[in-house]
Amino acid sequence: QVQLVESGGGLVQAGGSLRLSCVASGSIFTFDVMGWYRQAPGKQRDLVAVIPGGGSASYADSVKGRFTVSRGNAENTVYLQMSSLKPEDTAVYYCHAQLWGRNYWGQGTQVTVSS
């Protein structure tokens, strides 16, 4: 059974940085796409950044130039380096993975940016 486990969330002041990590287990195959979504209170879950295996990353306009998504040396890991954080980045961040058209989600990690 596929499981995605995130870590690295927390409380940070505006202008600070955080690095999120996600490890996926339960698959012997490399996920086609891995990435991050976020959901703020009262809002829908939105794409933050995704990266296909061996491909180029895509970012939401709101995080371009501030966030960097990367795949780890271990096949099924993904990271999100977040810099110049803003209060509007406050949300629960979810790791996402896709394999053969099937979607998998982590349990989410809270990121809170104080002004």
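The values are calculated or read from the model by the stated rules, or taken from the named source; none is laboratory data. All of these numbers come straight from a predicted model, not from anything done at the bench. Positions of Cβ are generated from backbone atoms using ideal geometry, with glycine treated the same way; all protein chains shown enter the neighbour counts. Surface accessibility is based on the protein's heavy atoms, side chains included, excluding ligands, DNA and RNA. Shrake-Rupley method; radii C 1.70, N 1.55, O 1.52, S 1.80 Å.
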Options Val50, Val5: the member that is buried (at least 17 other Cβ atoms within 10 Å of the Cβ), touching a strand residue (DSSP E or B) at 6+ places or on another chain (Cβ under 7 Å) and either of a type in the set (Val, Ile, Thr) or farther than 18 Å from Thr109 by Cβ (or both): Val50
Can you tell which of Gly42, Gly16 is touching a residue at least 12 places away in the same chain (Cβ under 8 Å), out of contact with any His (no Cβ under 8 Å at 6 or more places or on another chain), closer than 16 Å to Ala91 by Cα and in a loop (DSSP other than H, G, I, E, B)? Gly16
Condition check: outside any strand (DSSP E or B), open to solvent by 20 Å² or more (accessible area, probe 1.4 Å) and either touching a Lys or Arg at 6+ places or on another chain (Cβ under 6 Å) or among the basic types (Lys, Arg) (or both). Does Ser56 satisfy that? no
Say we look at region 25-39 and pick out the residues that are assigned to a strand (DSSP E or B), among the hydrophobic types (A, V, I, L, M, F, W, C) and out of contact with any Phe, Trp or Tyr (no Cβ under 7 Å at 6 or more places or on another chain); which of these is surrounded by the most Cβ atoms within 10 Å (Cβ to Cβ)? Met34
Count of residues meeting criterion [more than 15 Å from Gly9 (Cα to Cα), polar (S, T, N, Q), open to solvent by 30 Å² or more (accessible area, probe 1.4 Å) and not in a loop (DSSP other than H, G, I, E, B)] in region 64-115: 4
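Please work out which residue is modelled with the highest pLDDT, limiting yourself to region 9-24 and to residues that are under 17 Å from Gly106 (Cβ atoms) and open to solvent by 50 Å² or more (accessible area, probe 1.4 Å).
Ranking the qualifying residues of region 9-24, first place goes to Arg19.
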